[in-house]
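Below: the structure, in structure tokens.
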Amino acid sequence: MEFIRKVWGSVWVFALYVVCVIVSLVSFILLVSDPTFIGDAPVPRIQMLLYCWVAIILFHLGMIIRLGFKRRVPLYMELYYIFIVLSHFVLGSTLRLFDQGWHFDKILHTASGAVVAGIGITLALAKTKGLKRGHMLLFAFCFSMMVAVMWEFAEFGIDAIFGTNMQRWQDDPYQTVFGTPMGSGLIDTMMDMITHAIGALVVVVGYVIYKKRQEKKLLPISQDVELPVVDDPE
């Protein structure tokens, strides 16, 4: 147990890591052994096999930072990172959930926007003192949107270098983006940004409501409240 905490930082991280690696390896085996596993997907099989191993390598990033650079990664950030790698490279790309009609990609962007906004609030509370709530929430929202923009930059770079179709810019008869044939990369990118923003706004508004309810419970007696008059015994 002590070894797990030293290498992985947390039993929860280690457990999630084991599950993710097993899912990645099973996906890899299915891709190799079953020619019909990906059906008529336009993505080359070799690319899907590569996704599995990229995911397994990226799962080790937290451990590399902890052991190689002697830096501790916060638990919530490491769990979120592993979840994103699993969702994108394994569930979305390898198991083809990105191709499904219920828009796994947009659900993932919405969840990411919410989680990153929560991380932004945590960072603002931990690193600043005396910051007004409005400024803190603005930082959290902008921080979340910055991450979304950087992700779109990464998708564009990967598509440009490796000829992939992460931003749905190539014509594809098998897939549509909200009813529009793939090849409309602008629509896909903008919907990614919009759904990410919706997730971030949900967290920001939810935090405001939560804090206001807390303040009402702890609200002191107002000066405007008329108190009963008690006769002076003298």
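Observations on the structure shown:
- Of the helices (runs of 4 or more DSSP H) entirely within segment 1-98, those holding at least 2 residues that are at pLDDT below 85, open to solvent by less than 50 Å² (accessible area, probe 1.4 Å) and over 22 Å from G163 (Cα atoms) occupy 2-8, 61-68, 75-85.
- Criterion violated by A160 - all others in (1) open to solvent by 30 Å² or more (accessible area, probe 1.4 Å); (2) of a type in the set (G, A, S); (3) modelled with pLDDT under 80 satisfied: (3)
- Verdict on D105 being open to solvent by 30 Å² or more (accessible area, probe 1.4 Å), of a type in the set (D, E) and touching a residue at least 40 places away in the same chain (Cβ under 8 Å): no
- Test: V147 is at pLDDT 85 or above, crowded, with 20+ Cβ neighbours inside 10 Å and closer than 22 Å to L75 by Cα: no
The values are calculated or read from the model by the stated rules, or taken from the named source; none is laboratory data. What you see is a predicted model, and the numbers here were worked out from it, not measured in a lab. Every residue, glycine among them, receives a Cβ derived from its backbone with ideal geometry; neighbour counts consider all protein chains shown. For accessibility, only protein heavy atoms count, side chains too; no ligands or nucleic acids. Shrake-Rupley method; radii C 1.70, N 1.55, O 1.52, S 1.80 Å.
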